[in-house]
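Each remark here refers to the structure printed beneath this line.
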Amino acid sequence: MLQIENLTRRFGAATAVDRVSIHVARPTMIGIIGASGAGKSTLLRMLNRLETPTSGRITFDGRDVTALKGRQVRGWHADCAMIFQQFNLVPRLDVVSNVLHGTLYRTGTLRALTAMWPEADIRHAIEILARLGIHEHAAKRAEALSGGQQQRVAIARALMQDPKILLADEPIASLDPMNAQAVMEALRSIHDEDGRTVICNLHTLDTARRYCDRVIGMKQGRVVFDGTPEQLTTGVARDIYGAGADFSEEATSTEIRETPAAVTAIREAKAAV
Ligand SMILES: Nc1ncnc2c1ncn2[C@@H]1O[C@H](COP(=O)(O)OP(=O)(O)OP(=O)(O)O)[C@@H](O)[C@H]1O
Ligand SMILES: [Mg+2]
């Protein structure tokens, strides 16, 4: 399915990503962890071609992603959508229009200027919002929502493209624990229910262990661990983060709580759709 071979990105004399090879044979939920500057964002940005690799190759279902140019790169953005820590919504625009922007790769920007969305797309956007438990906010301005709700709007916008891969760069880094859990549950359901591959950069170990099937540890641009959450022992984590004997897992904890109201709301919304 997805093959990353010897992928490298240099910035001047510095090597941000150093000969990384990752094979994803079937849809998987993958967490990438590592200290600040380890190369996690650069790797994700190369995957959806926001960044051009210095060398190495990415192929997806036999297609050479590294060789794509111009319009083909935009086509790849539909198959490989990305969400960010800061949501990147249009704050003053209503939620459903933000989600409909996910269709622009096929309809063109004129659609956004005239706000003439096909009715089927509007219905689909609201279905996706309902699935994520936020459809009652569809008509509000994006800026009126909480961070966790805004991140779910960003996920909904990505889902409008019907991507095969969803990349998430620190999706919960600016959220409180309750909203963080709602967003991680949403990402997990997108993997479980739709069979999409989800790859998230996470800065906390417990989140990676709890939600991902496979965890990849990066250090100084290289993959130093690739295994299951069970294999990610404290000793391995200490090595990934390059920490000494005083390494504390709590320093990388989000303290996500067990059953917050936001998650219950998502479950109820799903049952109602
Ligand atoms: N556009 C750029 N120009 C120059 N250097 C860059 C650029 N982007 C990233 N780097 C460098 O590449 C290295 C890897 O950065 P990257 O942002 O991928 O790390 P990261 O693991 O995502 O870190 P964080 O956890 O802080 O987000 C860093 O040393 C960074 O300074
Ligand atoms: Mg980063």
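The values are calculated or read from the model by the stated rules, or taken from the named source; none is laboratory data. The model shown is predicted, which means the values in this text are computed figures rather than measured ones. With ideal geometry, Cβ positions are generated from the backbone for all residues, glycine too; neighbour counts draw on all protein chains shown.
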Give me a count of the residues in segment 218-242 that are outside any helix (DSSP H, G or I) and more than 22 Å from V20 (Cβ to Cβ).
1
Collect the residues in segment 6-27 that are surrounded by 15 or more Cβ atoms within 10 Å (Cβ to Cβ) and in contact with a strand residue (DSSP E or B) (Cβ under 6 Å, 6 or more places away or on another chain), keeping them in residue-number order.
L7, T8, R9, A16, V17, D18, V20, I22, V24, P27
Which residue out of A67, A25, A78 is away from ligand 2 (no atom under 16 Å from the Cβ), over 23 Å from Q220 (Cβ atoms), at pLDDT 95 or above and among the small types (G, A, S)?
A25
Give me the residue from segment 28-57 that is away from ligand 2 (no atom under 16 Å from the Cβ) and farther than 19 Å from L202 by Cα and, out of that set, surrounded by the most Cβ atoms within 10 Å (Cβ to Cβ).
P53
Does R19 fit the bill of being closer than 20 Å to G221 by Cβ, within 16 Å of ligand 2 (Cβ to nearest atom), in contact (Cβ under 8 Å) with a residue 24 or more places away in the chain and assigned to a strand (DSSP E or B)?
no
Mind counting the residues in segment 82-121 that are over 26 Å from T197 (Cα atoms) and either modelled with pLDDT under 80 or of a type in the set (F, W, Y) (or both)?
10
Those residues of segment 27-46 that are more than 12 Å from ligand 1 (Cβ to nearest atom) and either assigned to a strand (DSSP E or B) or not β-branched (V, I, T) (or both) come to a total of 4
So the helices (runs of 4 or more DSSP H) completely within segment 126-217 holding 3 or more residues that are under 29 Å from R238 (Cβ atoms) are 177-194, 205-211
